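Since the structure comes first, as structure tokens, the remarks are kept for the end.
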Amino acid sequence: MNQVQGKNCLVTGGARGLGLATAQALLAAGGRVMITDVDAAAGQAALDTLAPLGDVDFAVQDVTDETRWAGVFDQLEQRFGSAQVVVNNAGVGALASVEDESLAGWHRTLSVNLDGVYLGTQAAIARMRTTGGSIINMASIEGLIGEPLLPAYNASKGGVRLFTRSAALHCARAGYPIRINSVCPGFADTEMVSGALSQLPEDQAAAFAERTLARIPMGRFARPDEIAQAVLFLASEAASYMTGSDLVVDGGMTA
């Protein structure tokens with residue numbers, strides 16, 4: 001129950017979905033948590049929800065803005081102390097085939113999902129290289145397999161996986177006490193998934209959901225808290241010998 005007792009944690013994209021569930025799990029396990037989100041109103045609402053669970057703070061952040069990262073870590077340090085757990089969770093996704101995806105849409109997905117993880121990891125290493133800690137990057141099984149309607153998302157999450165390995169090896173070889181791993185969720189019952197499906201006509205969205213469920217041996221989408229428990233494990237000392245790894249949580253889909 002106290003896997004991250006007293007640890008200072010940062011969770012990007014923490015206002016909803018997997019980020020909010022992760023913040024809840026970290027708080028329940030004894031952590032102090034700062035969530036960030038580009039949506040100020042949603043972030044404040046999430047803060048109100050999380051406040052009864054423990055020590056929590058919120059900062060408005062666009063993860064693609066390099067200049068904002070120092071301020072986020074400064075706020076965390078002023079409120080709680082040095083960062084010990086950083087979860088690069090913020091992400092976006094949109095359904096469009098390679099023929100229909102626009103260059104602007106491609107750039108937006110890669111910017112948030114991959115550039116944001118790069119910037120967050122780089123900033124976290126700078127703050128943690130002597131004190132140590134765990135960095136968890138939210139990848140996806142869509143970085144392991146292809147999906148015809150998610151070319152930009154596939155590319156971004158595949159990039160997160162290999163970038164995570166590169167950064168993890170760098171820290172290990174440099175002797176930094178930092179572990180860096182990725183979580184690869186399957187389809188989860190989150191606003192991002194439902195929002196992506198809402199972009200399709202109702203009959204196409206229903207068919208997509210039906211086809212996807214048929215590919216999942218456990219026959220259902222993940223609950224956000226089930227993914228959050230995987231993040232919590234990697235944040236804890238129970239994963240002390242893990243770095244550069246992908247933790248797949250997908251109901252058997254990729255098996």
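Kirkwood radius for the chain, taken over all pairs of different Cα atoms as the inverse mean of 1/r, rounds to 18.1 Å. Its Kirkwood hydrodynamic radius, worked out from the mean inverse distance over all distinct Cα pairs, puts segment 1-110 at 14.5 Å.
Per-residue extension of 0.36 nm, minus the Cα-Cα distance of Asp225 and His107, leaves a gain of 39.5 nm for this segment.
Each Lys or Arg adds one and each Asp or Glu takes one away; over the other residues whose Cβ falls under 14 Å from the Cβ of Ile216, this sums to -2. Projecting the Cα atoms of Gln5, Leu232, Phe221 onto the charge dipole of the chain (Cβ charges, centred on the Cα centre) puts Gln5 farthest toward the positive pole. Give me Rg over Rh for segment 126-255, both radii from the alpha carbons and Rh done the Kirkwood way, two decimal places. Reported Rg/Rh (Cα atoms, Kirkwood Rh): 1.04. Overall, the accessible surface of the chain at a probe of 1.4 angstrom is composed of carbon and sulfur to the extent of 54 percent. Taking Cβ atoms as reference points and 14 Å as the exclusive limit, the residues near Asp62 contribute a net charge of -3, counting Lys and Arg as +1 and Asp and Glu as -1. In the context of the full set of protein chains, residues of segment 1-160 present 39 Å² of accessible surface per residue (probe radius 1.4 Å, heavy atoms only). Helical runs (DSSP H, four residues minimum) scored at -39500 (n - 2.57) apiece and divided by the length of the chain put the mean residue ellipticity at 222 nm at -13500 deg cm²/dmol. If you take all other residues with their beta carbon under 11 Å from the beta carbon of Leu47, and give Lys and Arg +1 and Asp and Glu -1, the sum is -3. Taking amide H atoms as placed 1.01 Å from N in the peptide plane, the amide H of Val92 lies under 5 Å from those of Asn113, each 5 or more residues away in sequence or on another chain. Taking Leu169, Leu18, Leu232 as the candidate residues, the one with maximal mean-square fluctuation in a Gaussian network model of the chain, Cα springs under 10 Å, is Leu169.
If packing is taken as the mean number of other Cβ atoms within 10 Å per residue, what is the order of 156-168, 214-226, highest first? Can you show the working numbers first?
On the way: 156-168: 20.5, 214-226: 14.7.
Final packing ranking: 156-168, 214-226.
The values are calculated or read from the model by the stated rules, or taken from the named source; none is laboratory data. Owing to the predicted nature of the structure, the values given are computational and were not obtained by experimental measurement. Methodologically, a virtual Cβ is constructed for each residue, glycine included, from the backbone with ideal geometry; neighbour enumeration extends over all protein chains shown. All accessible areas refer to the heavy atoms of the entire protein, side chains included, with ligands and DNA or RNA removed. Shrake-Rupley method; radii C 1.70, N 1.55, O 1.52, S 1.80 Å.
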